[in-house]
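A.B. asks: Quick one: structure below, then a few questions.
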Amino acid sequence: MPDNTPASQPYALENPFLESLNVTIVEWQPDLVRMSMMPQAAHVNNTGVVQGGILATLLDAAGGYAGLFPENGVRRAATTISLNVNYVASAQVEPLLVVGRRVGGGRRVFFSNAEVTDSQGRLIATAQAAFRRKDPA
């Protein structure tokens with residue numbers, strides 16, 4: 001049965017790790033995803049800012065989901081084959097928005113850019129990534 005849910009409707013992550021971080025999909029459409037996360041105390045390092053690994057996870061997830069919008073109701077999967085992260089500013093414990101955009105690729109490999117911003121729209125981190133699509137089961 002086709003998935004006729006509008007892009008503005010919430011989508012299930014179907015990813016236990018991202019769910020454990022309380023990441024949510026705000027918008028999802030072909031070649032674009034917007035996700036949000038409210039960091040918790042457990043997500044900060046010893047200087048009181050959000051751990052870089054959390055930011056890298058958000059960037060990786062957004063880059064991947066950007067190239068995996070369900071087609072005809074079928075969810076797809078991919079493996080990250082390259083992830084380059086650039087940290088621009090420290091992230092405080094406040095809502096974070098991550099946007100991923102598929103910027104190219106072919107049938108098996110696709111490329112994405114992603115960026116994390118804070119609740120004031122300040123750029124926190126960017127990434128460029130490559131992903132290999134997995135064959136449907």
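The values are calculated or read from the model by the stated rules, or taken from the named source; none is laboratory data. Everything quoted here is computed from the prediction, not taken from an experiment. Neighbour counts are summed over all protein chains in view; Cβ atoms, including those assigned to glycine, are modelled from backbone coordinates with ideal geometry.
A.B. asks: For segment 113-130, check the following and say yes or no: at least one residue is under 18 Å from residue 12 (Cβ atoms), in contact (Cβ under 8 Å) with a residue 24 or more places away in the chain and basic (Lys, Arg). So that I can check it myself, show each step before the final result.
C.D. replies: In the first step, residues of segment 113-130 are kept if they are under 18 Å from residue 12 (Cβ atoms); the result is none.
So far as segment 113-130 goes, no, none of its residues is under 18 Å from residue 12 (Cβ atoms), in contact (Cβ under 8 Å) with a residue 24 or more places away in the chain and basic (Lys, Arg).
A.B. asks: Give the number of residues within segment 81-102 that are part of a strand (DSSP E or B), without any contact (Cβ under 8 Å) to a residue 60 or more places away in the chain and not hydroxyl-bearing (Ser, Thr, Tyr).
C.D. replies: Keep residues of segment 81-102 that are part of a strand (DSSP E or B), which gives 81-87, 96-102.
Add one more test, that the residue is without any contact (Cβ under 8 Å) to a residue 60 or more places away in the chain, and what stays is 81-87.
Restricting the remaining residues to those that are not hydroxyl-bearing (Ser, Thr, Tyr) gives 81, 83-86.
Here the count works out to 5.
A.B. asks: Separate question: Does residue 110 qualify as being within 19 Å of residue 28 (Cα to Cα) and either modelled with pLDDT under 95 or polar (S, T, N, Q) (or both)? Don't jump to the end; show me each part of the working.
C.D. replies: Numbers: within 19 Å of residue 28 (Cα to Cα): yes; either modelled with pLDDT under 95 or polar (S, T, N, Q) (or both): no.
It is false that residue 110 is within 19 Å of residue 28 (Cα to Cα) and either modelled with pLDDT under 95 or polar (S, T, N, Q) (or both).
A.B. asks: Considering only residues that are at pLDDT 95 or above, among the β-branched types (Val, Ile, Thr) and surrounded by fewer than 14 Cβ atoms within 10 Å (Cβ to Cβ), which ones fall in segment 48-87?
C.D. replies: The answer is 79, 81.
A.B. asks: Of all residues in segment 36-47, count the ones that are loosely packed, with under 14 Cβ neighbours inside 10 Å, small (Gly, Ala, Ser) and touching a residue at least 12 places away in the same chain (Cβ under 8 Å). Can you show your working first?
C.D. replies: As a first pass, look at segment 36-47 and keep what is loosely packed, with under 14 Cβ neighbours inside 10 Å: 40-42, 45-47.
Checking which are small (Gly, Ala, Ser) leaves us with 41-42.
Applying the additional criterion that residues be touching a residue at least 12 places away in the same chain (Cβ under 8 Å) yields 41.
Counting residues in segment 36-47 that are loosely packed, with under 14 Cβ neighbours inside 10 Å, small (Gly, Ala, Ser) and touching a residue at least 12 places away in the same chain (Cβ under 8 Å) gives 1.
A.B. asks: Inside segment 30-41, can you point out the residues that are modelled with pLDDT of 95 or more and not in a loop (DSSP other than H, G, I, E, B)?
C.D. replies: Listed by number, the residues that qualify are 32, 33, 34, 35, 36, 37.
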